[in-house]
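The structure under discussion appears below in the form of structure tokens.
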Amino acid sequence: MKRFRFLNGIPVIGLLLAVSCNSSETTIPVEYEGPLSEAENVTMQYAEKDRVKVVLTAAKILEFENGDEEFPEGISIEFYDELGNKTSTLRANDAYFFKEENKWRGRGNVEVVNTQKEEQLNTEELFWKPADKKIFTDKFVTIKLQSEVLYGTGLEANEDLSKYQIKNPEGEFVVDE
């Protein structure tokens, strides 16, 4: 004599077969979107006509499939003129390079220093377009000159801070007539 177990009137074997044969569940593969490569303690140089123009230093670089790069531990960039003199520096707590747009974004404590004029720009976010040699932001900025400090919101400038325009200046400042 064979015995069958029933659970609320349903044979247990039938219940197990119904659960194990559910073909509507398929696993969709998850596409990896993280970095393809990672490098640490990196120094890169960009040169034109056998002259170093830019030196980039970063503690960590993450490179993605689309060519974008992330610098999660900060970045330091030095700019040089045709004679090899350092003209300016750029530092940020973290940075991101958008390959398709050929545009950089620095965030955190962003600082640009024109070493020749001894002027310094500070902001929380700054964009740099190497092809145009321009930097810009819509955030609050502080520019320390030798004799005064300028404040405002929004900025467009040359990458070496030799020329700049604060979009919405604030505070008191001296105007040469």
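Computed extension gain for residue 52 through residue 139, at 0.36 nm per residue and net of the alpha carbon distance, reaches 28.2 nm. Placing dummy labels 7 Å off each Cα toward the beta-carbon, the span from residue 32 to residue 125 is 3.0 nm. Based on the reciprocal of the average 1/r between different C-alpha atoms, the Kirkwood radius for the range 76-136 equals 12.0 Å. In a DSSP loop and with at most 16 other Cβ atoms within 10 Å, the trypsin sites (Lys or Arg not before Pro) in the range 25-54 are 49. In the range 71-107, which GluC sites (Glu not before Pro) fall in coil by DSSP and have 16 or fewer other Cβ atoms within 10 Å? Of the GluC sites (Glu not before Pro), the ones in loops of the range 71-107 whose Cβ has at most 16 other Cβ atoms within 10 Å are 73, 82, 100, 101. What the pair-distance distribution of the range 48-177 shows, using all Cα-Cα distances binned every 5 Å from zero, is 2, 10, 19, 23, 20, 14, 7, 3, 1, 0, 0 percent. Here the 3J(HN,Hα) profile of the range 81-87, calculated from phi with Karplus coefficients 6.51, -1.76 and 1.60 at θ = phi - 60°, is 8, 5, 8, x, 7, 5, 9 Hz, Gly and Pro shown as x.
Near residue 140, the amide H atoms lying under 5 Å from its own belong to 124, 154; only residues 5 or more places off or on other chains count, and H is placed 1.01 Å from N.
Structure note, pairs 49/103; 117/144; 129/167: Cα-Cα distances above 21 angstrom occur for 49/103.
In this rough spin-label picture, where each label sits 7 Å from Cα along the Cβ direction, the residue 168-residue 93 distance is 2.3 nm.
Distances between placed amide hydrogens fall under 5 Å for residue 103 paired with 98, all partners being 5 or more residues away or on another chain.
So for 112, 52, fewest C-beta neighbours within 10 Å to most, what's the order? Don't jump to the answer; show the numbers that get you there.
Working: 112 28, 52 13.
Listing 112, 52 from fewest to most nearby Cβ atoms yields 52, 112.
Only the coordinates and a few stated rules stand behind these numbers; no lab work does. Given the structure is predicted, the values throughout are model-derived calculations rather than measurements. Note that we place each Cβ from the backbone using ideal geometry, even for glycine, and neighbour counts take in every protein chain shown.
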